[in-house]
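Worksheet for the structure shown next.
Just so you know, all these numbers are worked out from the coordinates, no wet-lab data involved. These numbers come from a predicted model, not from an experiment. Backbone-built Cβ (ideal geometry, glycine too); neighbour counts: all protein chains shown.
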């Protein structure tokens, strides 16, 4: 693995070489299992070509006539209003502070039934 950058979430962006000396990054893009993320590899003509070939052959995610890029999906999710607790069949009775606690903290939730 060869570190290239760190994204805004603190995750490592890297080129990954498999034991047989092939690029995992290229293999995933070629098979349509990953997008060529231009922000981190804007001048990578190989990834550009592999994605174009995968699109043309309708491999992997390119079978969908209008796939949604992950960065657009995340942005769209941020725009959606958060549902109120009363709209959920299960309501968490934890406080706002507890719900926003780190993942290693446990929060007790109580299942409530909708009146019907």
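Shape of the stretch 21-78 from the C-alpha gyration tensor: oblate (a/c of 1.5 or more and a/b not above b/c, with a ≥ b ≥ c the square roots of its eigenvalues).
Arrange the peptides 54-61, 22-29 so that the one whose residues have, on average, the most other Cβ atoms within 10 Å appears first.
Values: 54-61: 14.8, 22-29: 17.6.
Top to bottom by mean Cβ count within 10 Å: 22-29, 54-61.
Under the simplified labelling scheme, the residue 1-residue 72 pair shows an inter-label distance of 3.0 nm, with each label point 7 Å from Cα along Cα→Cβ.
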